[in-house]
Each structure stands twice: as C-alpha cells, then as structure tokens.
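Taken together, the values in this text are just the output of simple stated rules run on the coordinates, not laboratory data. Nothing here was measured: the structure is a model prediction, and the numbers come from that model. Cβ sites come from the backbone with ideal geometry, for glycine too, and all protein chains shown count toward neighbours.
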Amino acid sequence: MSEGTTSRSFVEQARREKLEALRGRGVAPFAYRYRRTHLAAEALAAFADGAAGPEVAVAGRIVALRGHGRSTFAHVADPSGRIQLYFKQDVLGEDGYAVVQLLDLGDHVGVKGLLFRTRTGEVTVRADAVELLAKALRPLPIGKVTQHEDGTEQHHSGLADPELRYRQRYADLAVHPERRRVFETRAALVRAVRRCLDERGYLEVETPILQPLYGGASARPFTTHYNALDSAFYLRIADELYLKRLIVGGIERVYEIGKDFRNEGMDRAHNPEFTMLECYEAYADYTDMMELTQHLVVTAVREVLGTLEVPGRKGPIDLAPPWRKVGFVELLEERSGVDLRRADDAALAVALTERGVEPDQHFGRGRLIDQLFALAVEPHLEAPTFILDYPIELSPLAKPKRGDPALAERFELFIGGYEMANAFSELNDPDDQRGRFAAQVTLRERGDEEAQAPDEDYLRALEYGMPPTGGLGLGIDRLTMLVTGERSIRDVLLFPALRPEQ
C-alpha cells in the first residue's frame, strides 16, 4: 500500500520537496546507468602521492555529507568500502553545485574527478562532474559514528531492533555493510560443497518442489491447490524419495542443493523454509557417508575461513578430524539414565515429565525417544560428534543395523549443540519399506500429523531394484551459522519467515 502525504514524516516530505526542485532544474532523479571506472578501494589503491592522482569515476550511496558554504565534503560507499568526495562551486558551476546542495544521505551518486590528498591526509575525489543516480526518499537509519583519538571509529546503529532488521533486510544491509559478509560466506560455503561433490563424480540435479505426495521426512507440509489438475499439491519437505528414484534409474551419484519447506514452528534453529544438501551414492553405506560428511565440512570450512577453528557457544570449536563417534543408545543412557533396551513407553513418558515436558499420548515410541534425546543429549554436543545407530522406530527409511535389527544404520552429526547432518544406509527392500510405511499410517491414525504417508510410486521404483545406497542430508543454514558464529538461523537467511506486517 502506498503512503499518502499525511503519513510522511517531516524529513520524508523535505526530501520530496528536493525531488521536485531537482526536476524543476531539469535533473532526472532516477538514472538509467552510470559508467563507473573504479570501486572505492580500487581508486584508493590507484592513488600515488603527488599533486594530483588519476581521474576516476566512482559511484555509490552517500553515507556522510558536510556542507561548508561553497564547498561540500561527502563519503560515498560501495561494496569495496568508502571514499571521500570534494565538491566545489568554482569547479562545478552554480548549476552543478545546486544539485549537490539538494543531495541527502542515502542518495546514490556518480562522481568523476581527479584524486588528491587533503591536508588531513585523506585520499579524495575532486569532483569535476556529479550525477544523481537515485534519490533516496526515505532516510536510512544510519546512526552515528564516534571518532576516537587512536583513529578508530565506533558505529552506533540506528537499526538495532532485530525484527526490524529481518523485516527490512534491505535497510539492514545498507546500514550494516558487515552483515553482507555473512551472506558472502554462505555463498562461498555452497560453492565449496558443490565443488567437492562435483570432483567426486556426483551429478547435480533438480527435483520437484511442488509434489502430489510429500515424503522423505517426518514433518507437516504446506498445502496448495493445483488449478490445472484440480488436485492438492504439497511443497516438498525433503528431496529424498525423488533422488533415490534416480539411483534406481542408474544415476549412481546424485545431489541437490535446494529449498525444503516444513509447516512447523520457528525458533533459533528452525525456519519453515530452509536449504539442504541431499546426496546419494550407489554401492555405499552410512560409513561411507560419514567419511563424505567429514570431508565436505572440513574442506568447505578450511576453504572459506583458512582454519578449522570456528566460534562456539562455550569457546572455539576445533573441527580437525577425526571426529568423535558414539552410539545413540549408550549416550542417551549416559545423559538421561534411560536404557532404551529395557524402558517401555511409560518409562519414557516419565523421563520426559521429569524434564518438564508433557508427552503427547498420540505419539509413538519413536517420538518419545526423539524428544528425550533432544532434551537430555543434544545441548551437550559441542565438539563434532557422530551419533550412530538410531532406534529403528526413528528411521523409517533406513536399513536395519547388521547384527542388531532393533537399531538402524543411521547417524546424525552434531556440532555446537545443533544437528548438522543426517545419513542412512538407505532401505532398499521394497517389502520392508512397505511395512515401515504401514507403521507410519498407524501413527498418523493415532494423531501424529508428522508421520510419513505411503508412496506407492516410490515402492514401485524400489521393486525395479535399487542398489545398496548411502544417503546424506546436510543443512546449509546451520553450516553457515557454525562458520559465521551466528546464534540464530534468521541471521543467515536474507529474508526469514516473519508474521505479516500489520
């Protein structure tokens, strides 16, 4: 909804008056393009001490503006940094300098001129020509900068409220250029992971986001209606079942990096829209996926940071391999006192109640175990740890553990208290898989909305024969949190989910 003049602040109204004054002088306030010859950092690097440096054309957003009668100093910022500008009426003429006097903080300008060094020693562009590229009609909450005696600067942000930063990410990035580094790091991590898989012969593919039947995880989906087919469709909750269909088809190493969607709550570690890597390899099992997981994380972190030390909640975390491996059942007993081999569902419910959680009677044994593990164990997993051999009830898509069918050949990787990865020796027996789906249907009938639905087409694919396969899911958002030291998933998503603005 557009804002009327009555809802504009005094500052916004003043900027619009300057907009009209510029148009009255024949100045187009929103340009089509500008030929920039140097970024700010490149211009500073190109200057050599002397009477005058090379001529440059720089462009960016005005972040400081100080008028002194017939001269004005400003700083313009671009992705490389900032550089000072010097405007003088004698050089620009009355018409050119009149444009300068109508500029505001936040405006985008292009400036051409020779470089020189001021009496205070700052390399500056002496403007011969100035062009307004975009007039900022709303002031950015830039805040103040305090100059200390040692030459350092302290920035006092005018955009400190976290929810406002998430909601207006465009303003957050403009005011806090250091926040851009988080997303540059994220992109670098994705490139590194992709390169590792490509070098190992994996094929990157795309599978449907809109699906007639969701599966591959325990979660509630987002539902939509496909008008052309007059059918309900779902945003995918995982890529797994489609990627394993490709294994059946003969693509023996396959991966996808993409968005998944789960209709669940939001907290520091969960956003309903998130990014996952999923990869599958024929003739491999979960031990092979363990080696691959360690290789992917170590390689990507070292490439991006130049070190294997990352910030943790309780101090630095060393990612140098080998990583600890410990059994699920043993660790749960150590931390909670509950022996899963002897405890019945009632004992699990009591253990949850003692920890302040009222267990839902609709949930099956698997969900009770999962809740207890999350409460008693996960917060203590700071150093890289592979948790091995989950109870079979928690793993409807994984093969039974060789020698102990009560467990599944599955691991999860935890670092810094968060689950980072999940992997299986993939179940490839179609009859066993059909029975697992039937058990999930029973849980759904008891009221577990996150139980998985049977997928007949996937079962048909398994009946054609899927070779032994190892599968891995790695959370890109949480990997970024680990590397950047951010404590909320919202800080590594450009546009996290928020309540609609009223």
- Any residue on another chain or 5+ positions along whose placed amide H is under 5 Å from the amide H of residue 80 is listed here as 40, 41
- Given the rule -39500 (n - 2.57) for each run of at least 4 DSSP H residues, summed and divided by the residues of the chain, what is its mean residue ellipticity at 222 nm, to the nearest 500 deg cm²/dmol? -10000 deg cm²/dmol
- Query: Can you give the charge dipole size of region 8-139 about its Cα centre, rounded to the nearest 20 debye, using +1 on the beta carbon of Lys and Arg and -1 on the beta carbon of Asp and Glu?
  - Reply: 320
- Note on the structure: Within the chain, the percent of DSSP beta bridges that are antiparallel, given to the nearest 5, stands at 90
- Apply 1/(1 + (r/R0)^6) to the Cβ-Cβ distance of residue 188 and residue 457, taking R0 = 41 Å, and write down the FRET efficiency to the nearest 0.05. 0.60
- Note on the structure: Net charge near residue 267 (other residues with Cβ under 12 Å of its Cβ; Lys, Arg +1; Asp, Glu -1) is +2
- Arranged by the count of other C-beta atoms within 10 angstrom, fewest first, what order do 425, 9, 395 take? 9, 395, 425
- Student exercise, the chain dipole from Lys, Arg, Asp, Glu Cβ charges, in Debye to nearest 20: 2340
- Hey, what's the Kirkwood Rh for region 8-139 if you take every pair of different alpha carbons, in angstrom? 14.9
- Task: Name the shape class, rounded, prolate or oblate, that the alpha-carbon gyration tensor gives for region 396-502, where a ≥ b ≥ c are the square roots of its eigenvalues, rounded holds for a/c under 1.5, and otherwise prolate holds if a/b is larger than b/c and oblate otherwise.
- Result: prolate
- Query: Sorted from fewest to most neighbouring beta carbons within 10 Å, what does the list 225, 176 look like?
  - Reply: 225, 176
- Once phi for every residue in region 424-438 is put through the Karplus expression 6.51 cos²θ - 1.76 cosθ + 1.60 (θ = phi - 60°), the whole-Hz ³J(HN,Hα) values, with Gly and Pro written as x, are 10, 7, 5, 5, 10, 8, x, 5, 4, 5, 4, x, 5, 4, 4
- Rounded to the nearest 0.05, what FRET efficiency is calculated for residue 170 and residue 198 with R0 set to 56 Å and r the Cβ-Cβ distance? 0.95
- Message: What's the magnitude of the charge dipole for region 458-500 around its Cα centre, counting Lys and Arg as +1 and Asp and Glu as -1 at the beta-carbon? Answer in Debye, nearest 20.
- Response: 160
- Task: Tell me the label-point distance for the pair residue 16, residue 64, using the 7 Å Cα-to-Cβ offset, in nm and rounded to one decimal.
- Result: 3.2
- Ordered by fewest other Cβ atoms within 10 Å, a rough proxy for footprinting exposure, 466, 289 read 466, 289
- Note on the structure: Rounded to whole angstroms and listed largest first, the alpha-carbon spread of the chain along its three principal axes comes to 88, 52, 50
- Note on the structure: At q = 0.12, 0.13 1/Å the base-10 log of I(q)/I(0) from the Debye formula over the alpha-carbon atoms of region 165-245 is -0.65, -0.73
- Message: Taking every DSSP beta bridge with both residues inside region 8-139, roughly what % is antiparallel (nearest 5)?
- Response: 90
